[in-house]
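The values are calculated or read from the model by the stated rules, or taken from the named source; none is laboratory data. A quick note: this is a predicted structure, and the numbers were derived from the prediction, not measured. Counting neighbours? That spans all protein chains shown, and the Cβs are built from the backbone with ideal geometry, glycine included. Surface areas here come from the heavy atoms of the whole protein model, side chains and all, with no ligands, DNA or RNA. Shrake-Rupley method; radii C 1.70, N 1.55, O 1.52, S 1.80 Å.
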Amino acid sequence: MHTVKELIDTCTIIIWVASALHAAVNFGQYPYAGFLPNRPTISRRFMPEEGTPEYEELKSNPEKAFLKTITAQLQTLLGISLIEILSRHSSDEVYLGQRDTPEWTLDATPLRAFEKFGRKLADIEENIIKRNGDERFKNRVGPVKMPYTLLYPTSEGGLTGKGIPNSVSI
């Protein structure tokens, strides 16, 4: 790195990957992957080849063929439990734009910048909520009326599908 701009760009990428990107991928997986047929953890059979009895079964009864292929019950339970655990926020989670100790600094300049950042995050969350309520954005609610929540900056504890923790922790 040779310039302040390069340093800012690099820090921005690191913060994005370690916070919002990780949160969107991690906390958004349970609503989809928590239902095993959407994301089986293993396939117990190869795709059947044309002309085989397995292929005929697939053509005549795809559900039965699929159920013979997907993960066994114990593996399913373990996989879904793991996804659920990894998708949960702890009750004492600290979110982006928050600090768990008010005395992290007494310097007025970073405190003002951090306060401004917190206001910007609150505005982003408000904007997401507003867009979720706008029927023109069908991709936000769709026929199941499930709003977009992945990049809400804050959340409560539990399995919420929203919230950006201040850091990655496992």
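Some observations on this one:
- A protection proxy built from the mean count of other Cβ atoms within 10 Å ranks the segments 48-58, 81-91, 25-35, most packed first, as 25-35, 81-91, 48-58.
- Counting only protein heavy atoms and a probe of 1.4 Å, the accessible surface of the range 43-164 is 58% carbon and sulfur.
- Amide H contacts of TYR95 (H built 1.01 Å from N, in plane; Pro and chain starts excluded): ASN166 sit under 5 Å, all sequence-distant by 5 or more or on other chains.
- The fraction of all Cα pairs in the range 102-170 landing in successive 5 Å bins from 0 to the largest distance is 3, 14, 18, 19, 17, 12, 9, 4, 3, 1, given as whole percents.
- Long-range HN-HN contacts of HIS89 with modeled amide H, under 5 Å: GLY158, LEU159, THR160
- 1.4 Å probe accessible area per residue over the chain, in Å²: 73 Å²
- Cα gyration tensor shape for the range 1-146, rounded if a/c is under 1.5, else prolate or oblate: prolate
- Helices in the chain, meaning DSSP H runs of at least 4 residues, each add -39500 (n - 2.57). Divided by all residues, the mean residue ellipticity at 222 nm is -14000 deg cm²/dmol.
- For the chain, the number of Lys pairs with C-alpha atoms closer than 30 Å, counting only pairs eight or more positions apart or on separate chains, is 14.
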